[in-house]
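The values are calculated or read from the model by the stated rules, or taken from the named source; none is laboratory data. The model shown is predicted, which means the values in this text are computed figures rather than measured ones. Neighbour counts run over all protein chains shown; Cβ positions are idealised from the backbone, glycine included. We work out accessible area using only protein heavy atoms, side chains counted, and drop any ligands, DNA or RNA first. Shrake-Rupley method; radii C 1.70, N 1.55, O 1.52, S 1.80 Å.
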Amino acid sequence: MAPGSRPWGAPLLLLPLLLPAACRAGGGCAGEGGPLEPFDALYASGVEAYYGGDFAGAARCLERALRSRRELRAARLRCRRSCRGQVRLTAPDPGAGGDLPFFGSVLRRAGCLRRCEEPRLGAASRHRAAEEVGADFQRRVPYSYLQRAYIQMNRLEEAANAAHTFFMANPEHMEIQQDIENYKTTAGKVDLIDREARQHMEDYSAGVRHYDKEEYELAIDFLERALKGYYSEDEDCQLTCEGPQRFEEHEYLEYKAGLYEAIADHYMQVLACKHDCVRELATRSGRISPIENFLPLHYDYLQFAYYRVGDYVKALECAKSYLLFHPDDEDVLENAGYYEGLLEGTMDPDTVKPRKEAKTLLRRHKLESHLLQVAAAGLGYTYMEPNYWNRYGARQDEHSVPSSIGSEPEEGPRLSLAKKPTPKPDRELKEGGPLLYSDVKFVYNSQQLNGTQRVLLDNVISEEQCRELHRVANGIMLAGDGYRGKTSPHTPNERFEGATVLKALKYGYEGRVPLKSARLFYDISEKARRIVESYFMLNSTLYFSYTHLVCRTALSGQQERRNDLSHPIHADNCLLDPEANECWKEPPAYTFRDYSALLYMNADFEGGEFIFTEMDAKTVTASIKPKCGRMISFSSGGENPHGVKAVTKGQRCAVALWFTLDPLYRELERIQADEVIAMLDQEHLGPSEMNINPKDEL
């Protein structure tokens, strides 16, 4: 998506008001030197230059804005760390005036911070950016502008890295994904750089990859580096939380709380922020949900890796560190006992202790939790302690005992959890129910399609019905329907057109298409819903979530050397994150969708195969060639990543259907269409005989 479309809201309309005089006068970014320039003003200057066509100026100002924000954080952390060391908080003395030493040390630390920060940063008010601007940086929007600016400057390598950086926080952004694929082709750029990567997460991911390949020495190197980075980032997070806080329940200027209530109110917000650093450090950019059990998992991987390289002391140390978080984990308890047995006779296993940094962090975390709960009870607000160490996050090993030590089935370390368990669904997963219609032909089930909750059927509709639907499509579809009018939402090499059931019925009323044909669209989508509900043996009603008649047309002159997809790999109810091998069930994904289906109308085109992949979005597990009457249906979650190969010639048409088990998310247009159909069925009356205005009714 081009930056100009501003999917993030419209805070930039106000940004020109923040520009320094030199910027507003057309002088570009203000000169460097003196106090650090506010990043929001530089950002505004860069955006103004971008829309003014000054792409070199835009890139210069946006790069400086990003650098300014990093330097602002670094300067504040440096000063807070320095002043914490220089000015220790003094414990209050008993008796009258005993609190003066404590408040005196508070005042001295505040003075230290100001003396440290002002020479580099200037007045604190210079760096209080609007929330909307902060949100743009959190979502990495400046990199979207940078990408476009670098394209205009023909600096493709910088453009590719900027696009990749933006995409890592916005994986649902399909146009950027397509841009990245184009860069790989045109610039030969394969290894892209995430300029905002968090090093402790990069090291963790690298360690897990080496572990999965049984490269245990390398796994240990990266995982130990990840732990060191984690604890360093934790200290930075704690210090960052000592900045300004928002008083959510109070207007600051009217705030009349007493001394201790005011201190407690502010400190509880600081403490809650610090307590949540565990979640912050486990959450990837652009995500809401953290990696489950993130910190303990480091020790879990390490205890087994150290065992495999023969370092039993380190293996026991890491096992005991893991048990600090999960003292009742039977598998790791058994591992620890096994390591102790290996060490007996050479040393006293009791001298091997859990790692100090893990004990310190956990002790602090428990104290924070206690204080938050005490404060909630005493000050009258609600606090619920999250489960920060969810044990459902576990190593992804294939077997409980690796094959290399398979000769010791009763001994040797076992995995803490053999597989990360799939979240328990609210229904029992079944398939193989009746297809309800005698002409519908079963083709493949989940096993034959190499997946879960998948089915391929033929003859769901006839050749004549396909032709009639195609005629309806040509009469009612609009380019970009369902994608805010974007004619090529997934790839610039194809035109996308679509229409809904309600629109078809409206056109039928108006005589723009035969009413019988419009009703066919309605009827065959209901037929598909009934088949899906029956085949997957659902014990509750399956409702329509969205119904869309769609066609993809290859654009002439744009098909040579194509290497993109017609529709990039994705999942229907979660945000697919191939790097993390996760699918995040959170907005903006349609988290309420439960099942999906595609009913194809034709085969007279080239390309356009429907594909399932693994979570890596690369390994194809099944490929389906569309044809008239063929329907593929599947559950909508991360277990079924899918996409569409490029349509290189002709037009590919289908009825796309998404379903939900939650009646709260029923498709509104479908409900309205149901009402229209019910009226039509009343004695077969036409709209004029029923004394209704079709347009008003619809």
The condition of being under 21 Å from residue 242 (Cα atoms), within 35 Å of the chain's Cα centre (by Cα) and in a loop (DSSP other than H, G, I, E, B) holds, among 77, 89, 36, only for 36
When the stretch 340-374 is checked residue by residue, the ones that are charged (D, E, K, R), assigned to a helix (DSSP H, G or I) and out of contact with any Pro (no Cβ under 8 Å at 6 or more places or on another chain) are 350, 356, 357, 359, 363, 364, 366, 368
Filtering the stretch 330-377 for residues that are under 19 Å from residue 273 (Cα atoms) and open to solvent by 60 Å² or more (accessible area, probe 1.4 Å) leaves a count of 10
Only unsatisfied item for residue 101, checking (1) open to solvent by less than 70 Å² (accessible area, probe 1.4 Å); (2) in the same structural domain as residue 114 (by the TED database); (3) over 30 Å from residue 159 (Cα atoms), is (2)
When every residue in the stretch 461-515 that is assigned to a loop (DSSP other than H, G, I, E, B) and touching a His at 6+ places or on another chain (Cβ under 7 Å) is compared, the one modelled with the highest pLDDT is 500
Practice prompt. For the stretch 121-143, state whether one or more residues are touching a strand residue (DSSP E or B) at 6+ places or on another chain (Cβ under 7 Å), touching a residue at least 12 places away in the same chain (Cβ under 8 Å) and surrounded by 15 or more Cβ atoms within 10 Å (Cβ to Cβ).
Written response: no
Counted residues in the stretch 288-302 being touching a Pro at 6+ places or on another chain (Cβ under 9 Å) and surrounded by fewer than 20 Cβ atoms within 10 Å (Cβ to Cβ) come to 1
Counting only residues that are at pLDDT 85 or above and either touching a His at 6+ places or on another chain (Cβ under 8 Å) or crowded, with 16+ Cβ neighbours inside 10 Å (or both), the stretch 257-268 contains a total of 1
Here the residues within the stretch 584-610 that are hydrophobic (A, V, I, L, M, F, W, C) and over 24 Å from residue 462 (Cα atoms) are 584, 589, 592
Residue pairs qualifying under the 8 Å Cβ cut-off, at least six apart or on distinct chains, with the first in the stretch 342-358 being more than 14 Å from residue 320 (Cα to Cα) and the second being open to solvent by less than 90 Å² (accessible area, probe 1.4 Å), are 342/312; 343/312; 343/313; 343/316; 343/349; 343/352; 347/313
Exercise for review: Return a yes/no flag: does the stretch 225-235 have any residue that is among the aliphatic types (A, V, I, L, M), under 30 Å from residue 212 (Cβ atoms) and at pLDDT 95 or above.
Suggested key: yes
Across (1) assigned to a loop (DSSP other than H, G, I, E, B); (2) at pLDDT 95 or above, residue 528 clears everything bar (1)
Of the residues in the stretch 53-74, those that are open to solvent by 40 Å² or more (accessible area, probe 1.4 Å) and part of a helix (DSSP H, G or I) come to 55, 56, 60, 67, 69, 70, 71, 73, 74
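Residue-wise test of (1) open to solvent by less than 30 Å² (accessible area, probe 1.4 Å); (2) assigned to a strand (DSSP E or B); (3) of a type in the set (Asp, Glu); (4) in the same structural domain as residue 653 (by the TED database).
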{"residue": "541", "(1), (2), (3), (4)": "no, no, no, yes"}
{"residue": "560", "(1), (2), (3), (4)": "no, no, yes, yes"}
{"residue": "573", "(1), (2), (3), (4)": "yes, no, no, yes"}
{"residue": "579", "(1), (2), (3), (4)": "no, no, yes, yes"}
Does residue 529 satisfy the criteria of being touching a residue at least 24 places away in the same chain (Cβ under 8 Å) and open to solvent by 50 Å² or more (accessible area, probe 1.4 Å)?
-> no
Per the filter on the stretch 131-156, residues farther than 20 Å from residue 287 by Cβ and either modelled with pLDDT under 85 or part of a helix (DSSP H, G or I) (or both) are 132, 133, 145, 146, 147, 148, 149, 150, 151, 152, 156
Just to be sure, is residue 549 free of Cβ contacts under 8 Å to residues at least 60 places away in the same chain, under 29 Å from the mean Cα position of the chain (by Cα) and not in a loop (DSSP other than H, G, I, E, B)? no
* For residue 518, state whether it is open to solvent by less than 10 Å² (accessible area, probe 1.4 Å), touching a Leu at 6+ places or on another chain (Cβ under 7 Å) and not in a helix (DSSP H, G or I). => no
